[in-house]
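In what follows, a structure is listed as structure tokens, so that the remarks can point back to it.
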Amino acid sequence: MYNFLTGIKSTGRPHLGNVIGVIYPTIFLTKLTKLTKNVILIANLHSLTNLKYIKNNKNNAYKILAVWLACGIDSKQFIFYRQSDITEVTELLWFFSIIYPYNRLKLVHSFKENVKKQQRINTGILTYPILMAADILISKAELVLVGKDQLQHLEIARQIAKKINNIIAKKIFTLPQSIVIENLIPGTDGTKMSKTKNNIIDLFASKKEIKKQIRKIKTQKQFSHKKKELLKDNLYNIYIRLAGKEKKEKIKKKCQMGYEHAKEELYKLIINKFKRERNLYKYYLKRKNKLETIFKKGAKKMKKIVNSTIYEVRKAFECN
Ligand code: TRP
């Protein structure tokens, strides 16, 4: 039995990559093993490292919760933890910041990538992994489901946990283990699906918008059956991921008839396959009171989990 945690940054609606890479594996995992405390984090403080997300931050958190519910998560089995509801997490961020060396933080991949891309780098972008360590360690997570790109952040959380346990000579923090989901669905340009790369398929967008996103899928010059070529064939790869491997031959035929045709068919498949989820999403998003109640309940439960930890940490730093 394990304490489980996963999280999504609230920068808008979760896209197909999030659904296949995080939401479905979480649902699958809870069916497979007995997890004791299941926590789903909506990282609405992490989203703010890009100032454009201040606007709509509240609604974006609702959207994430609505997608989880629409995809069939049982809200009774999970604690939904909206990061900003637990102020202790930002308190821990401070204690962790004084523990973790600046020089190492500067070398984190995600930070270096941001430096390459942007001119204005705020301090929050640098301390992003420290806040992530705080929300992982405060929830006493033993298993954390993350994308491959988040593994380094998880390692930082482990280092901090070890260091503080050492300083205090007490095992306050559990060292979290990662679960990484491979075989994610590629984005429309063939690289990892991500909102910032503008290569997403948004299951919950309007039909027109979904059609547009599918039309954007980059294709090869010509379809080829050869294994080596198939691996590179982006449309084929997205299609197979959604339709299932057993449909291989059918999909090949569709691609052979022309990519335009295959795209139209893929569009139809998506609309059909996710019909229920799309309707449920609209249903939940119209009921913000219900969503807020779920967050409030989650906050109450989280407070109980974090109380003992924060007490120990304050005592250790003589801030009690
Ligand atoms: N950084 C994660 C992402 O962008 C989101 C996240 C924040 C998270 N805190 C977390 C994921 C804690 C798992 C556990 O995907």
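The values are calculated or read from the model by the stated rules, or taken from the named source; none is laboratory data. Since the structure is predicted, the reported quantities are computational estimates derived from the model, not experimental observations. Every residue, glycine among them, receives a Cβ derived from its backbone with ideal geometry; neighbour counts consider all protein chains shown. When the accessible area is computed, the model is the full protein with side chains, heavy atoms only, and any ligands, DNA or RNA have been set aside. Shrake-Rupley method; radii C 1.70, N 1.55, O 1.52, S 1.80 Å.
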Report, by residue number, each residue of the range 164-207 that is over 25 Å from TRP68 (Cβ atoms) and open to solvent by 70 Å² or more (accessible area, probe 1.4 Å). ASN166, ILE167, ALA169, LYS170, LYS171
Answer residue from the range 130-146, given it is part of a helix (DSSP H, G or I) and near the ligand (Cβ under 7 Å from one of its atoms) and is most open to solvent (accessible area, probe 1.4 Å) among those: MET132
Report, ordered by the first and then the second residue, all pairs with beta carbons closer than 7 Å, sequence separation of six or more or different chains, a first member in the range 121-132 that is assigned by TED's automatic domain parsing to the domain that holds GLU88 and farther than 12 Å from PHE96 by Cβ, and a second member that is away from the ligand (no atom under 14 Å from the Cβ) and open to solvent by less than 40 Å² (accessible area, probe 1.4 Å). LEU126/LEU105
Residue match in the range 34-52 (condition: open to solvent by 60 Å² or more (accessible area, probe 1.4 Å), charged (D, E, K, R), over 24 Å from ILE214 (Cα atoms) and within 15 Å of the ligand (Cβ to nearest atom)): yes
Those helices (runs of 4 or more DSSP H) lying entirely in the range 240-315 with at least 1 residues open to solvent by less than 40 Å² (accessible area, probe 1.4 Å) and free of Cβ contacts under 8 Å to residues at least 60 places away in the same chain: 248-256, 259-273
Restricting attention to the range 204-229, and to residues there that are in contact (Cβ under 8 Å) with a residue 12 or more places away in the chain and in a helix (DSSP H, G or I), which single residue is farthest from LYS192 (Cα to Cα)? LYS207
LYS207, sole failed condition from (1) away from the ligand (no atom under 16 Å from the Cβ); (2) within 17 Å of the chain's Cα centre (by Cα): (2)
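Find the strands (runs of 3 or more DSSP E) located wholly in the range 1-83 whose residues include 2 or more that are of a type in the set (Ser, Thr, Tyr), and list them.
Filter on the range 1-83 gives 2-9.
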Check whether at least one residue in the range 70-82 is more than 16 Å from the ligand (Cβ to nearest atom), open to solvent by less than 20 Å² (accessible area, probe 1.4 Å) and not aromatic (Phe, Trp, Tyr), and report yes or no. yes
Against the condition at pLDDT below 95 and in contact with a Pro (Cβ under 9 Å, 6 or more places away or on another chain), how does SER110 come out, does it pass? yes
Out of LEU92, LEU48, LEU16, report the one residue that is under 19 Å from VAL306 (Cα atoms) and not charged (D, E, K, R). LEU92
Mind checking which residues of the range 53-69 are hydrophobic (A, V, I, L, M, F, W, C) and open to solvent by less than 20 Å² (accessible area, probe 1.4 Å)? ALA61, ILE64, LEU65, ALA66, VAL67, TRP68, LEU69
